C-alpha cells in the first residue's frame, strides 16, 4: 500500500510548552502508526506538506522524521518519500511460554556481547526468586544482544554463583545465552513471570542503545526456570522505548 496518508484535523501544536515542537510532531505521527491508522508500506505526506500542516519549517519536520526512523517506524526511500515500515518485533508473553519469541531470537543469534561480569551479595528479594540462600553470591552478566539489524537489548542476568560459576566466560565464547545455558545442562527454559516497567536509562545503557539520557527505556524483568520448575536466572532486558510491542496472550 503506497497511498499517501492524510492526517485528521484538530492536531494543534502547543508552542508554549517545554516539549520541543518536533517532539510533538513525532508524537502525532507515532500515534497514527501505533494506533493502526497507518498501514505498513503507507507513504507519509512530504516534508513540505507536513511543514504546511503544522506551520513549521522543514528542518523541524525533518527532525521528527529522523527520530521516527531511529525508532524503526518509518524508512526513507530516496526519490520516493518516507514510508511506514513493517510491523515491529513483538515481545510475546504467553501462559505456556518457553521464554519469548524475541528473547529466543536474541539468544539464538549468537550476536551477544559480554559488557561486564561481577559478583554481588544475594538480596532477600532475589534469593526468594531464585530459591537460593540469602548468604550466597550472585554472578551477574551485563550483555548487549542483537535481534536483526536494528533491535538491541541491554541485559542483566543474575545467576546463583555457586551453580553457574564460569558462565560469563562461556557466554563470552559462545555469544548466545541459549547455547551457554545448554553447556550448563539447562536445555529448556520456561518463563515463570515477567514484569513490565519503564524508567530513564543508565549512562551505560544509553550509550549501548544509542539514545539520550532523557529518553525512557522499557524494562522487562523476568524469571526463567528449567523444565522441572527450578529457577535458573533472574533477568532485566532493557529496550529502547518504542522499539518493540509487548503482547500478552491469555489463551
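Throughout, read-outs are computed from the coordinates displayed, never taken from laboratory work. Just so you know, these numbers come straight off a predicted model, no measurement behind them. FYI the Cβ positions are ideal-geometry reconstructions off the backbone, even for glycines, and counts take in every protein chain you see.
Each peptide in 36-43, 233-240, 60-67 receives the mean, over its residues, of other Cβ atoms within 10 Å, and ordering these scores from highest gives 233-240, 60-67, 36-43.
Using 0.36 nm per residue and subtracting the Cα-Cα separation, the extra length available between residue 78 and residue 46 on full extension is 10.3 nm.
Radius of gyration (Cα atoms) of region 27-85, expressed as a multiple of 2.2 N^0.38 Å: 1.03. Here the chain has an Rg and Dmax of 21.2, 64 Å, counting Cα atoms alone. Once the Cα-Cα distance is subtracted from the 0.36 nm per residue extended length, the residue 207 to residue 184 segment shows a gain of 5.1 nm. Its relative contact order, with pairs defined as Cα atoms under 8 Å and 6+ residues apart, puts the chain at 17 percent. Helix-only arithmetic for the chain: the sum of -39500 (n - 2.57) across DSSP H runs with n ≥ 4, divided by the residue total, places the mean residue ellipticity at 222 nm at -8000 deg cm²/dmol.
Each of 159, 5, 31, 164 was scored by other Cβ atoms within 10 Å of its Cβ. Listed from fewest to most, they are 31, 5, 164, 159. By the count of other C-beta atoms within 10 Å, a proxy for reagent exposure, 133, 168, 70 are ordered fewest to most as 133, 70, 168.
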